[in-house]
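Below is one structure, written out as structure tokens, with a few remarks after it.
The values are calculated or read from the model by the stated rules, or taken from the named source; none is laboratory data. Everything numeric here is computed off the predicted structure, so don't read it as measured data. Counting neighbours? That spans all protein chains shown, and the Cβs are built from the backbone with ideal geometry, glycine included. Please note that ligands, DNA and RNA were not included when accessible areas were found on the heavy atoms of the full protein model with its side chains. Shrake-Rupley method; radii C 1.70, N 1.55, O 1.52, S 1.80 Å.
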Amino acid sequence: MDVSEIQTFEHDVLVIGAGGAGLRAAIEAKAQGMDTAVVCKSLLGKAHTVMAEGGMAAALGNADRRDNWKIHFRDTMRGGKFLNQWRMAELHAKLAPARVRELEEWGAVFDRTPDGLIAQRNFGGHRYPRLAHVGDRTGLEMIRTLQDYAVHQGITFHMECTALGLLKDGERIAGACGYWRETGRLVVFRTKAVILATGGAGKAWRVTSNSWEYTGDGFAMAYEAGAELMDMEFTQFHPTGMVWPPSVRGTLVTEGVRGEGGVLLNSRGERFMFRYIPERFAAETAATIEEAERWPDDPQARRPPELLTRDVVARAIRAEVKEGRGSPHGGVFLDIASRRPADYIRRKLPSMYHQFKELAEVDITRQPMEVGPTLHYFMGGVRVDPDTQMSNVPGLFACGECAAGLHGANRLGGNSLSDLLVFGALAGSGAAAYVRGLAATPKPEPGQIEAIFRQATSYLNRESGENPYLLHEELQDLMQSLVGIVRTGEELAQAIERLQELKQRARNVKAHGSSQYNPGWHQAISLQSLVTSAEIVACAALAREESRGAHTRLDFEGEREEWGKVNLVVRRGADGRPQIARVERPRPPRYLEEIAHATIEDLEAGRVGADAPDEV
Amino acid sequence: MGGERTLRIWRGDASGGQFVSYRTPVEEGMVVLDAILRIQAEQANDLAVRWNCKAGKCGSCSMEIEGRPRLACMTRLNLYPPEAAITVQPLKAFPVIKDLVTDVSWNYEQNRRIPPFQPGARDPDGQYRMAQCDVDRVQEFRKCIECFLCQDVCHILRDRERKDAFVGPRFMVRLASLEMHPLDVADRLPLIKEAFGVGLCNITRCCTEVCPEHIQITDNAIIPLKERVVDRYYDPIQRLLGWLRGRRGGTARKLPMSQGPASAPA
């Protein structure tokens, strides 16, 4: 292979991924004078961000003037079971309002309050109505706004281009290799910095809300390049995915249905969530149906338990189904039909109406939906510096779902879209600052490019091998049954053992046909990242011997104090296996600790947190 | 449902191709995309097809199913008689890359030609204010998922091959979303009239019929744009006022909108 003959691009900053985080990062890097390029596996504007429905959380205070960054910060920490990185939760709560207003300035058209301001809706775990939204298609609004803005900024877009691996010059980043999906031709990017914005790895599970793109490419590339991953045991199961028909099992049903007043019922018609209120949230959650019905009009009434955090609701649904009180297709009922007028439902939840009507032949203005948990989101990811988003590998940055830290053990709904904007922008400026400080342009060490391409083309070139699609299905069944919503040490150990075997088989799959737009080949390549990601999740899940947030261990019930003091950090060992370290959590500034643990009354009365600085 | 079904799928590339029949097991509730992906996994690993969200939200899996432009993820198999084969082929208005995948890059080029959103000043308190009733129409346009089915079915692009003169329904919708945005202050009407070719649309409403988001493309986007062009360039009173103001045309974007069909030049 003659490397000099391979198509080569040179840029200051390469962003991998064109969802909300990637686009916002590219916009920022470009605004700071960097020659910036974006590579994305799909066409521009098709990234998984379009699937986000409910909204983006920001304490604008439009819908309820009592809201502010401190309450958003407190909600985020409580939702994450205090395993979040303090600084990231602080930056997020403080910067989200500015990022939302900026999106409006770039053309986003949010739903409005009666005063003409950006409207905000209620969501699980958020004290006040906080989610700026556009019906139930907020993600589409976000990605189109960023896309239409970005294409006029002079950023280079490489569409339908898949990154294969990172290049290094000594310890630091020197670029990345990839291939064009259309032609199968190989391509090299020589860049001074790389920003990963590749999302999660939900496609390792059978029941997931994620699209084919979610194969953990960023996790695997970072891991192979020596970067640290963190909190990988925390995988969020969204409580409400579709359960029927089988072909759409897992497709997301927005939390906005509950935010707009929908309730969860079991087969006996009971609002079962009242039986699953955790102690930590009891003081702020309605105890009876009668009290929940008075909320939010009666300021004395507390929030209904359907709006508890996702980990709690998902486990409750699983328990109801397990105890025989499920719906006909193995879920529970989500009812908004009997609670809101039909035209209101169609206006506020148009794509849910459409989705159920077309795919399940259910009219959600007349009938309840059937829903159940679906793998939705990775709280964990690349371990980054909170202010610059740089990993331990100089020049390698990560943002959005691909990065760890903001969400801790469980993410609040609505905190993802704001995460993309806040930390996308910080990653862009972090990368620009890094590049400005570089003395010389890094040069990839010899041999790396050849090794990456040899591996990628081996699936095409070999004589025979297993079918990559069927091996992928095997992986999905394995993760679904052994690394699910409820875990045991025995099953996790079994999963890790079987994953070793699967990893070997994945290296030897065969892609038939030519390299031109060949999904079988693409599948063979992404299967490798997926298996790597799955192994890291299983190992981290085995190591954390407690139940916290989205990680539930039947053999280690409840939160354990000693585990609340550490995050699990994973690195690639010399043998290629994940090496796991317990890393003590940094002590936060006093004011953050006080705000996070304050009662809501003390916080709102200013008895706590009054001296906290409002600037970042 | 249950049992098996036959799909006739076009296989080939820019140099040519043919329909290949595949029989595949099906179950209740399946959509055409499910059947295609099953065939891909079990019988034809290299069958090229674009898809992402599988829920009608991203607009990737556009193709022609039984001769009609559709999203494969929102087209249920039980829409068609159980015994007959279902014919699936790539979008006709765009060049084939391979199998069901076409080169839609022309659309991205058109989008880049459109002058971007240009907001006016914020209110003194730093806020932008817009009434919900003033953004309802714009929100309808912004539902667009860029599936390009409207572009595929548009006679001007598909049959008359006038990609040089008309940006197509998708970008008329995009232009309308900008022109009717309450905060936008840019003037794109001269471009809409000339370079973007609004006059070429002859209002057959085919685009509206295939829109999976049910956007009223013709009535709510294209016709009002035609009317704005007529008001500015062909209304004698407006032209006189414009001349008196010392510029061509007036503040056209402030004109009231009528909902009726326009007598625009075809």
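Towards the positive end of the charge dipole of the protein assembly as shown, with charges on Cβ (+1 Lys, Arg; -1 Asp, Glu), say which of A:THR76, A:LEU186, A:ALA451 has the farthest Cα.
Selected residue: A:LEU186.
Given 10 °C and 1.306 mPa s, how large is the Stokes-Einstein diffusion coefficient of region B:4-102 in µm²/s, with Rh as the Kirkwood radius over Cα pairs?
Roughly 119 µm²/s, to the nearest whole number.
What is the magnitude of the charge dipole of region A:36-76 about its Cα centre, with +1 placed on the Cβ of each Lys and Arg, -1 on the Cβ of each Asp and Glu, and no other charges, expressed in debye to the nearest 20?
Roughly 100 debye for region A:36-76.
Work out the mean other chain Cβ neighbour count within 10 Å for the residues of A:100-112 and drop it here as an integer.
Working: counts 0, 4, 0, 0, 6, 5, 3, 11, 2, 13, 4, 4, 10.
Mean partner-chain Cβ count within 10 Å for A:100-112: 5.
What does the average come to when, for each residue of peptide A:400-408, you count the partner chain Cβ atoms lying within 10 Å of its Cβ?
0
To the nearest 20 debye, what charge dipole does region A:254-373 have about its Cα centre, counting +1 at the Cβ of each Lys and Arg and -1 at the Cβ of each Asp and Glu?
That gives region A:254-373 a dipole magnitude of about 160 debye.
Probe radius 1.4 Å, ligands and nucleic acids ignored: give me the carbon and sulfur share of the accessible area of region A:463-584 as a rounded percent.
Heavy-atom surface of region A:463-584 belonging to carbon and sulfur, 1.4 Å probe: 44 percent.
When the chain is fully extended, how far beyond the present Cα-Cα distance does A:ARG582 get from A:GLU279, taking 0.36 nm per residue of separation?
Between A:ARG582 and A:GLU279, full extension yields an extra 106.4 nm.
Which ³J(HN,Hα) values, rounded to whole Hz and listed in residue order, are derived for region A:37-45 from phi using the Karplus coefficients 6.51, -1.76 and 1.60 in 6.51 cos²θ - 1.76 cosθ + 1.60 with θ = phi - 60°, glycine and proline given as x?
10, 10, 10, 9, 5, 9, 6, 4, x
Using heavy-atom solvent-accessible surface (probe 1.4 Å) with all chains present, what is the largest-first order of B:ASP184, A:ASP297?
A:ASP297, B:ASP184
Counting only heavy atoms of protein chains, what accessible area per residue, in Å², does region B:4-102 have with a probe of 1.4 Å? Please list the in-between numbers first.
Details: 3380 Å² over 99 residues.
Using a 1.4 Å probe on heavy atoms only, each residue of region B:4-102 averages 34 Å².
Going 7 Å from the Cα of A:THR441 along its beta-carbon direction, which residues of region A:1-19 have the amide nitrogen within less than 11 Å of the resulting point?
A:9-12
Between Rg and the Kirkwood Rh of region B:92-169, both from Cα atoms, what is the Rg to Rh ratio?
1.13
Would you work out which of B:TRP10, B:CYS211, B:ALA165 lies farthest towards the positive end of the dipole of chain B, given +1 charges on the beta-carbon of Lys and Arg and -1 on that of Asp and Glu, about the Cα centre?
Of the candidates, B:ALA165 comes out farthest on the positive side.
Classify region A:463-584: rounded, prolate or oblate, from the alpha-carbon gyration tensor (a ≥ b ≥ c, eigenvalue square roots; a/c under 1.5 rounded; otherwise prolate if a/b is larger than b/c)?
On the way: a/c = 2.84, a/b = 2.17, b/c = 1.31.
Because a/c hits 1.5 or more and a/b exceeds b/c, region A:463-584 counts as prolate.
In nm², what is the average projected area of the convex hull enclosing the Cα atoms of region B:105-254?
Directional mean of the projected Cα hull area for region B:105-254 stands at 10.0 nm².
Calculate, for A:ASP64 and B:ASP136, the FRET efficiency according to 1/(1 + (r/R0)^6) with r their C-beta to C-beta distance and R0 25 Å; round to the nearest 0.05.
Efficiency for this residue pair is about 0.55.
Please list the non-local residues whose amide H lies under 5 Å from the amide H of A:GLN236, H modeled 1.01 Å from N, same-chain partners needing a gap of 5 or more.
Amide H neighbours of A:GLN236, under 5 Å, 5+ apart: A:HIS376, A:TYR377, A:PHE378, A:MET379.
Per residue of region B:104-118, what does 6.51 cos²θ - 1.76 cosθ + 1.60 with θ = phi - 60° give for ³J(HN,Hα)? Whole Hz please, x for Gly and Pro, Karplus curve as stated.
Karplus-based 3J(HN,Hα) across region B:104-118 equals 9, 4, 3, 4, 5, 5, 5, 4, 5, 6, 7, x, x, 4, 9 Hz.
Counting only protein heavy atoms, what percent of the accessible surface of region B:4-102 is carbon or sulfur at a 1.4 Å probe?
Here carbon and sulfur together make up 46 percent of the probe-accessible area.
Pop out a list of residues from region B:121-152 that are at least 40 Å² less accessible with all the protein chains around than in their chain alone; 1.4 Å probe, no ligands or nucleic acids counted.
B:ARG122, B:GLN127, B:TYR128, B:ARG129, B:MET130, B:GLN132, B:GLN139, B:ARG142, B:GLU146
When 1/r is averaged over all different Cα pairs and the result inverted, which Kirkwood radius in Å belongs to region A:1-112?
By the Kirkwood definition, the hydrodynamic radius is 16.9 Å.
Solvent-accessible area of A:PHE333, probe 1.4 Å, all protein chains present, reported in Å² to the nearest ten, please.
Near enough 50 Å² of accessible area.
Nothing charged except the Cβ atoms of Lys and Arg (+1) and of Asp and Glu (-1): what's the magnitude of the dipole of region A:450-571 about its Cα centre? Round to the nearest 20 debye.
So the dipole magnitude of region A:450-571 works out to roughly 520 debye.
How large are Rg and Dmax for region A:184-288 when only the alpha carbon atoms are used, in Å?
Gyration radius and largest Cα-Cα distance of region A:184-288: 20.0, 62 Å.
With a Förster radius of 51 Å, plug the Cβ-Cβ distance of B:LEU79 and A:GLN494 into 1/(1 + (r/R0)^6) and report the FRET value to the nearest 0.05.
0.75
Largest first and in whole Å, what are the equivalent-ellipsoid semi-axes of region A:201-246 based on the Cα gyration tensor, each being the root of 5 times an eigenvalue?
So the equivalent ellipsoid measures 26, 12, 6 Å along its semi-axes.
Could you run the Debye sum over the Cα atoms of region A:334-398, one equal point scatterer each and no solvent, and tell me log10 of I(q)/I(0) at q = 0.21 Å⁻¹, two decimals?
Here log10 of I(q) over I(0) equals -0.81.
List the residues whose amide H sits under 5 Å from the amide H of A:THR208, counting only those 5 or more places along or on another chain, with H placed 1.01 Å from N in the peptide plane.
Sorted by chain and number, the residues that satisfy this are A:LEU375.
Given R₀ = 25 Å, FRET efficiency for A:ALA31-A:THR388 by Cβ-Cβ distance, to 0.05?
Result of the calculation: an efficiency of 0.95.
Note the buried accessible area between A and B here, summed over both chains, with a 1.4 Å probe, in Å² to the nearest 100.
Values: alone 22840 and 13600 Å², together 31200 Å².
It comes to approximately 5200 Å² buried between A and B.
With N residues in chain B, what two-decimal value do you get for its Cα radius of gyration over 2.2 N^0.38 Å? Present the calculation step by step, with values, prior to reporting the outcome.
Values: Rg = 21.8 Å, N = 266, 2.2 N^0.38 = 18.4 Å.
After normalising by residue count via 2.2 N^0.38 Å, the value is 1.19.
In nanometres, what is the gap between the two model label sites at A:ARG268 and B:ARG23, each 7 Å from Cα along Cα-to-Cβ?
5.0 nm
Which distance in nm do the two modelled labels at A:SER4 and B:TYR234 give, with both placed 7 Å along the Cα-to-Cβ direction?
Between A:SER4 and B:TYR234, the simple spin-label model gives 6.3 nm.
Taking +1 at the Cβ of each Lys and Arg and -1 at the Cβ of each Asp and Glu, which of B:TYR128, A:PHE423, A:SER327 sits farthest along the dipole of the protein assembly as shown towards its positive end, judged by Cα position relative to the Cα centre?
About the Cα centre, the residue reaching furthest to the positive side is B:TYR128.
Could you pull out every residue, at least 5 positions away or on a different chain, whose amide H is within less than 5 Å of the one on B:THR87? Hs are placed 1.01 Å off N in the peptide plane, and Pro or chain starts have none.
Excluding prolines and chain starts, which carry no amide H, the hits are B:ARG8, B:GLU66.
Need the per-residue list for region A:48-77: every residue with at least 20 Å² less accessible surface in the complex of protein chains than in the chain by itself, probe 1.4 Å, sorted by number.
A:VAL50, A:MET51
Using only the alpha-carbon atoms, how far is helix B:223-233 inclined from the longest principal axis of chain B? Give it as 0 to 90 degrees, nearest 10.
30 degrees
Of the peptides A:127-136, A:444-453, how do they stack up when ordered by the mean number of other Cβ atoms within 10 Å, highest first?
Packing proxy ranking, top to bottom: A:127-136, A:444-453.
Hey, what do the phi angles of region A:46-60 turn into as Karplus ³J(HN,Hα) couplings, whole Hz, using 6.51/-1.76/1.60 and θ = phi - 60°, x for Gly and Pro?
These are the phi-based 3J(HN,Hα) values: 9, 4, 4, 3, 4, 7, 5, 10, x, x, 10, 7, 7, 7, 6 Hz.
Order A:563-569, A:549-555 from most to least packed using the mean count of other Cβ atoms within 10 Å.
Order by mean packing, descending: A:549-555, A:563-569.
For the protein assembly as shown, take N as its residue count and report Rg(C-alpha) divided by 2.2 N^0.38 Å.
Compared with the compact-globule rule of thumb, the protein assembly as shown sits at 0.92.
Taking every pair of alpha-carbon atoms in region A:405-488, what share in percent sits in each 5 Å bin, from 0 to the bin with the longest distance?
Calculated P(r), rounded to whole percents: 3, 9, 8, 9, 10, 13, 17, 17, 11, 4, 0.
Which of the lysines could a cross-linker span from A:LYS503 if the Cα-Cα distance has to be under 19 Å and same-chain partners fewer than 8 positions apart are dropped?
Here the lysines satisfying the reach criterion relative to A:LYS503 are A:LYS203.
What whole number of Å gives the distance from the Cα centroid of region A:305-372 to the Cα centroid of region B:54-123?
29 Å
Output the direction-averaged projected area (hull surface divided by four) of the convex hull of the alpha-carbon atoms of region A:304-428, in nm².
Working: hull surface 40.3 nm².
Mean projected area of the Cα convex hull: 10.1 nm².
Just tell me how shielded B:201-212 is by partners: mean number of partner chain Cβ atoms within 10 Å of each residue's Cβ, no decimals.
0
Straight-line reach only, C-alpha to C-alpha below 17 angstrom: list the aspartates and glutamates that B:LYS193 could link to, leaving out same-chain residues fewer than 8 apart.
Within reach: B:ASP164, B:GLU179, B:GLU227, B:ASP231, B:ASP235.
List the residues of region A:206-234 for which accessible area in the full set of protein chains is at least 40 Å² lower than for the chain on its own; 1.4 Å probe, protein heavy atoms only.
Checking the loss per residue gives A:TRP212.
What nm value, rounded to one decimal, do you get for the distance between A:GLU450 and A:GLN480 when each label is placed 7 Å out toward the C-beta?
In this crude label model, A:GLU450 to A:GLN480 measures out at 4.3 nm.
What base-10 log of the normalised intensity I(q)/I(0) is obtained for region B:45-186 from the Debye formula, alpha carbons as equal point scatterers, at q = 0.14, 0.18 Å⁻¹?
The computed values of log10 I(q)/I(0) come out as -0.78, -1.09.
With the convex hull built on the Cα atoms of region A:254-373, state its orientation-averaged projected area in nm².
7.4 nm²
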